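Here's the structure we're looking at; comments come further down.
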Amino acid sequence: MFDLSDESLRSSFKEFFKVEAYNYQIEVAQHLLSGKSVVLQAPTGAGKTNTALFPYLYARQNLAATQFPRKMIYSVERRILVNNFHTEVEKILQESNLKAALEAKGEKLEATVLTGERPEDREMRGHMLFTTIDQTLSSFLLTPYSLSSRVANLNAGAVASSYLVFDEAHLFDPDTALPTLMWMLQTLKDVTPTLLMTATFSKPILDKLAKTTEGVVVTVSPEELKKIPAQATKKRYFQMVEMPLTGQAVIDKHQHRSIVVCNMVDRAQQLYDELEAAKDPATELIMLHSRFWQADRKSIEKELLKLFGKSEALKTGSAILVATQVIEVGVDITCENLHTELAPANTVLQRAGRCARHPNEEGTVWVYQVESKLPYEANKKQADKKPEDDKPQKEPSLFDSTFSTIKGFGSEPVTFGMEQLLIEQVHEEADKNTLAKIEANRPYHAGMIEEAINTPGEGHLSSLIRDADSRSILVHPKPEEMENPYSYESFSVFDGSFRGKLKWLLAQAEELGLDWAVKWPEAIQDTETTQEIERRPTQYRWNKLEADKQAKWQPIVVVNPQLVSYDQARGFQFTLNQGEPCQSKPVERQAREYSGYNYQRETYADHIKNVNGAYGYFKFDDEIAFAVSRLQATFGPDLPAGQIDLGIRLSFVFHDAGKLTEGWQGVGRKWQAEIKQPVSDPKIMLAHTDFDRGSQRDLQRDFEKKPGNKRPPHAAEGAYIAQKFIYNALGKDLYRPVVSAIARHHSPGADSLSQYKLHSGAANALVEALSIIEQGQPWNINPGVLVETAPIGTDKLRPNMIVKASTELELVLYMLIIRVLRLADQNSFSYYEAHKKAL
């Protein structure tokens, strides 16, 4: 058993973060490292980020892959928060020697980002991944926002095998994301540890989350609060203002540092212009929201830390920040006066965390009434959904209750205990109603989840994550030239804001004589052809967007750059471009080891050898080792030790068994003859043929046009061929996960079956392939155990061959197996290149 003593953990904590650990941080680490999930409630500025990071860093330094997950996925509600956490972690890794120590042992520690604006790690390959709740949930639902439909089942296994952190979970949409999150937590409760953190959940929600995860609630005791300098010595006052927020009100109360927080981007830009016209010339004015290019946002965040990051700086100088909800979480800035538009209590308290944040500071939070005709009153349906940072907040009743309760605090400094009282008074009844609604809708929600998993498609996600309340806006003059729109930098814009501007965009385009105003990408469905489609880029058809109803279902659109503008101070705006060019650029992706879309001839056995080798060489086995060990323990005696690993390796052996047919082998040999590289030995069973994309693409296209030259599909066919062998070798618990992985290693929803006839050399090829994963037992294949042909009239796999969402552990097993199968298959050529001399 590894050492989880206070002394050991405290020593490591100080090594990583250069500060002493609080008791609650050690308690959280002990629970998580013991395999327990945790729901943490702690005030802003109490070190929650370090609390979340520490168990993972400690495990990487001290524990084996089977003792704690090798991957951490840190999920937040808003895209911009991802950047803040990623920057903070990069700094910690630079200052710690852990990264260098792991590299000395041949291990990597890579921190990556995945958002719509920064799709850098779309395959979730990083060890410490910072992303949004949308990306995490959509990945687990086998419909990731970050990947094309062809590889939609790739990332679910990454989520299922990771240490999962959900920061400020109170922000998650109670109608969509929260119930889906609770279903995911319920599914994974025996598989991987989770940490949910908040400063502002009411007790009913805390208890429900702990029950769902079979975890524990950890809170910071009053005694410990006194030991946290940021809590014990600061003084933060609240003042309610009956009038709407104005630029002049900010200037009247300004001393050295002021922060202004608006509910919507357009409102923030309006206030920025007011302040720019009225402020003292010596006062620096800066704005931050979600509609800045990444490079500019980094510059702004760097400037924020300089102007607002240290309490000593408040004694001199003058600066005002205008922002939106993007600064509510994870931004370590402070001020003497914080001005905010009224919002629900949990949101107001998050914003208040940017005022008098550090020890011995004193500040005032000014809370202003909002205009009477905000969109949430005009459109209650839209108001029920959560924003990125430009969407109106929730129900007016929460606004009214928040205003009256804070007003009752009077003139005394507000403590964490008073903040908790505010949360209970404003949110407890609403949270109870939310939980009752989730429970009542659970069967319906579970049905939608099962439908989403069984028939992947983004249409399901509006009901399960968020109702299309924000979309990615790209700006480009020629969308057709973008190879993959999902890999370009974008702006996040609330659905109501975009749809409200659509009519204006269309009218302006017509007035200016432009051919188009807005376009959306439609993926062109690919089918298996001459070579594998795994690495082939998705092709898109670009359609003009001309209707408001159509706009609601498009998660990503491209706007004509002549119709929008951008400047470094205000960001992106829906105004005619009269200044600097505004155009989305490709985002640099993390470098990966697998090769491009070229192939070289491989025998079946050689391909399996390379897939099996890539599994360990690229440490895909380490990625899932903890989850596999937990699942093995959960199944107990019903699943012999090592059986899951055997199932994974059998999926390698049989994933291309559908190529061992007369049709596939015949066309493969024809192609080799066409390119003057014939295969003369009839005993050789091919898995790949030679292909050079640069020189043979046109030749391949012409070859396929001839009758009988298009290779038949092979994935579902391989599953059908192997079904009896898989069941006999693995038993009922692993049968469906492995068969499903084989059937769907090229297409997540595949179940169509074509007619085939097994080649006479198939059994020998599979025996040779099985010898590669022998593991101490010789394999023999009686040809009779292979399904030699699909019966006439059979055009689909039987439903009982495919996993379902309702069979939770089978579903998780499938997620793990399909991920490592696809990754190992992708990287098999790279493994061969690295080892070809030895091989």
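Quick one: Cα centre-to-centre distance for segment 278-349 and segment 37-105, in angstrom? Each part's Cα centre sits 25 Å from the other's.
Solvent exposure of Lys670, expressed as accessible area, is near 100 Å², computed with a probe of 1.4 Å over the protein chains only. On the beta carbon distance between Ala547 and Arg701, with R0 = 51 Å, the FRET formula returns roughly 0.90.
Between Glu276 and Asn728, the modelled label-to-label distance comes to 7.6 nm, taking each label 7 Å out from Cα in the direction of the beta carbon. Taking every alpha-carbon pair under 8 Å whose residues sit at least 6 apart, the chain reaches a relative contact order of 14 percent. For the pairs Lys437/Lys804; Lys724/Lys796; Lys235/Lys302, note any where the Cα-Cα span goes beyond 20 Å. Over 20 Å Cα-Cα: Lys437/Lys804; Lys235/Lys302. When Arg60, Arg122 are compared by accessible area of protein heavy atoms, the largest-first order is Arg122, Arg60, using a 1.4 Å probe. Near His339, the amide H atoms lying under 5 Å from its own belong to Ile259, Val260, Val261, Trp366; only residues 5 or more places off or on other chains count, and H is placed 1.01 Å from N. About the centre of its Cα atoms, segment 16-103 shows a dipole size close to 220 debye [charges on the beta carbon of Lys, Arg (+1) and Asp, Glu (-1) only; nearest 20 debye]. Set against the 2.2 N^0.38 Å expectation for a compact globular protein, segment 601-712 has a Cα radius of gyration ratio of 1.43.
Applied to segment 412-422, the Karplus parametrisation 6.51 cos²θ - 1.76 cosθ + 1.60 on θ = phi - 60° returns per-residue 3J(HN,Hα) values of 7, x, 8, 9, 4, x, 5, 5, 5, 4, 4 Hz, with x for Gly and Pro. The residues of the chain expose, per residue, 38 Å² of accessible area to a 1.4 Å probe.
Which percentage, to the nearest 5, of the DSSP beta bridges contained in the chain is antiparallel?
Working: 22 of 77 bridges.
Of those bridges, close to 30 percent are antiparallel.
Shown here: log10 I(q)/I(0) by the Debye sum over Cα atoms at q = 0.05, 0.10 Å⁻¹, derived from the displayed model; of the candidates (i) -0.29, -1.10; (ii) -0.39, -1.16; (iii) -0.27, -1.35, it corresponds to (i). For Tyr735, the shell of other residues with beta-carbons less than 11 Å away shows a net charge of +1, using +1 for Lys and Arg and -1 for Asp and Glu. Residues whose amide H lies under 5 Å from that of Glu362, counting only those 5 or more places away or on a different chain, are Lys235; hydrogens are built 1.01 Å from N in the peptide plane. On segment 200-251, 57 percent of the accessible area sits on carbon and sulfur atoms, based on a 1.4 Å probe. Working from Cα positions, state the angle (0 to 90°, nearest 10) between the long axis of helix 203-213 and the longest principal axis of the chain. The helix 203-213 is inclined about 10 degrees to the chain. Put +1 on the Cβ of each Lys and Arg and -1 on the Cβ of each Asp and Glu in segment 631-782; which of Ile644, Leu734, Leu753 then has its Cα farthest toward the positive end of the dipole? Towards the positive end, the residue furthest out is Leu753.
Placing +1 on the Cβ of every Lys and Arg and -1 on the Cβ of every Asp and Glu, with nothing else charged, gives the chain a dipole about its Cα centre of roughly 1300 debye.
Split the accessible area of segment 677-797 by element, probe 1.4 Å, and carbon with sulfur accounts for 49%.
With 26 Å as the limit on Cα-Cα distance, the pairs of Lys48/Lys208; Lys99/Lys619; Lys48/Lys71; Lys48/Lys211; Lys36/Lys609 that go past it are Lys36/Lys609.
The mean sequence distance of close C-alpha pairs (under 8 Å, at least 6 residues apart), as a share of the length of segment 28-121, puts its relative contact order at 19 percent.
Accessible area ranking (1.4 Å probe, heavy atoms, ligands and nucleic acids excluded), largest first, for Asp656, Asp702, Asp645, Asp638: Asp638, Asp702, Asp645, Asp656. Farthest toward the dipole's positive end in the chain, which of Asn153, Tyr604, Val803, given Cβ charges of +1 (Lys, Arg) and -1 (Asp, Glu) about the Cα centre? So the residue we want is Tyr604. Given His254, Ala230, Met240, which one lies farthest toward the positive end of the charge dipole of segment 222-269, if we put +1 on the Cβ of every Lys and Arg and -1 on the Cβ of every Asp and Glu? Farthest towards the positive pole: Ala230. Determine the distance separating the Cα centre of segment 659-728 from the Cα centre of segment 182-238; give it in Å without decimals. Here the two parts' Cα centres lie 55 Å apart.
Modelled spin labels at Asp681 and Thr807, positioned 7 Å past Cα toward Cβ, are 4.0 nm from each other.
The values are calculated or read from the model by the stated rules, or taken from the named source; none is laboratory data. Worth saying up front: this structure is predicted, and the values here are computed from it rather than measured. Please note: Cβ atoms are built from the backbone with ideal geometry, for glycine as well, and neighbour counts cover all protein chains shown. When the accessible area is computed, the model is the full protein with side chains, heavy atoms only, and any ligands, DNA or RNA have been set aside. Shrake-Rupley method; radii C 1.70, N 1.55, O 1.52, S 1.80 Å.
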